[in-house]
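One structure below.
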Amino acid sequence: MEVERLFHHILMAWLAAAPVVLVVLLFVTAPYGRHTRAGWGPALSARAGWVLMESPAVVVPAAFFLLGGGGATAVAFVALWELHYLNRTVVYPLRLPREARPMPLSIAGTGFGFNVINGTLIGAGLFHFGVVREAAWLLDARFVGGAAVFLLGFFINNRADAIMRKLRAPGETGYKIPSGGLYRWVSCPNYLGEILEWGGFALATWSLPGLAFFVWTIANLAPRARSHHRWYRAKFADYPPERKALVPLIW
């Protein structure tokens with residue numbers, strides 16, 4: 001019981017830290033991808049950086065699931081989680097062009113630590129300390145609706161990535177204005193899709209760890225979407241003026 005109480009306190013502290021990080025990231029843009037800049041130490045290839053950064057999110061929750069079990073509902077929760085992170089850890093890096101800008105090791109290492117923490121909170125919270133959901137939960141409106149939102153977000157996220165990949169011919173470098181899909185309305189539909197994923201996951205699991213991860217996703221991606229949007233507008237004089245950063249017609 002003492003361990004469970006400690007876990008709860010850590011989870012609440014982690015949730016409370018997310019708004020602080022959001023404010024910081026409004027002023028400091030993580031230096032990878034188009035925002036790469038000098039002064040952040042040695043770098044490694046973008047492919048290696050993504051694999052290193054995201055791998056704990058695959059391994060840690062899966063380990064808690066295998067140790068804790070929990071029946072059909074636990075299988076559904078871990079399947080949704082791993083659908084995203086196997087794609088992000090394995091498929092996405094393999095599709096990156098070899099010419100992709102290197103990632104600072106400091107950023108990859110920070111991301112690694114971030115995913116260890118989140119993976120532990122999700123794994124322990126859903127498969128060890130959390131409320132055990134019976135199989136009937138899979139027919140509950142919260143799970144059905146949340147899973148549907150998750151899958152919609154997953155589709156939007158991957159569709160946006162596919163559009164970006166097609167912008168460059170093999171061996172070509174530089175940036176172009178993306179178009180098609182939700183790029184008609186926002187600069188970062190990939191981030192919008194990911195936020196929808198984890199909002200859906202929080203609803204489907206109806207859990208505090210799921211909510212905390214959703215809030216952290218917004219804290220990380222909303223400021224980066226803002227940075228991307230400003231970067232596009234500064235780089236391209238003909239950038240569509242009606243396009244918003246993250247939320248169509250709003251922001």
Hand me the GluC sites (Glu not before Pro) from segment 123-212 located in a DSSP loop with no more than 14 other Cβ atoms within 10 Å, in residue order please. Glu134, Glu172
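Quick check for me: using +1 on Lys/Arg Cβ and -1 on Asp/Glu Cβ, what's the dipole size of the chain about its Cα centre, in debye to the nearest 20? Don't skip to the answer; put the middle values down first.
Working: 23 positive and 13 negative charges, 243 e Å.
I would put it at about 1160 debye.
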In segment 158-211, what chymotrypsin sites (Phe, Trp or Tyr not before Pro) fall in a loop by DSSP, with at most 15 other Cβ atoms inside 10 Å? Tyr175
Just name one of Ile250, Asn220, Gly180: the one whose Cα is farthest towards the positive end of the charge dipole of segment 164-251 (beta-carbon charges, Lys/Arg +1, Asp/Glu -1). Gly180
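Taking 8 Å as the Cα distance limit and 6 or more residues as the minimum spacing, I'd like the relative contact order of segment 84-202 as a percentage. Spell out each step's value before the answer.
On the way: 71 pairs, mean separation 38.8, N = 119.
After rounding, I find 33 percent.
Residues with beta-carbon under 14 Å from that of Pro102, excluding Pro102: net charge, scoring Lys, Arg +1 and Asp, Glu -1?
Details: positive: Arg34, Arg37, Arg47, Arg98, Arg101; negative: Glu99.
Residues near Pro102 contribute +4 overall.
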Sequence-distant residues sharing a close amide H with Lys244 (under 5 Å, placed H): Val186, Ser187, Leu249
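Loop only by DSSP, 12 or fewer other Cβ within 10 Å of the Cβ. Give me the trypsin sites (Lys or Arg not before Pro) in segment 139-220 that pass, ordered by residue number. Don't skip to the answer; put the middle values down first.
Values: sites: Arg142, Arg159, Arg165, Lys166, Arg168, Lys176, Arg184; in loops: Lys166, Arg168, Lys176.
For trypsin sites (Lys or Arg not before Pro) across segment 139-220 that sit outside H, G, I, E and B with at most 12 neighbouring Cβ atoms in 10 Å, the list reads Lys166, Lys176.
Quick note: the coordinates plus some simple rules give every number you see, no bench work behind them. Quick caveat: nothing in here was measured; it's all calculated off a predicted structure. Note that we place each Cβ from the backbone using ideal geometry, even for glycine, and neighbour counts take in every protein chain shown.
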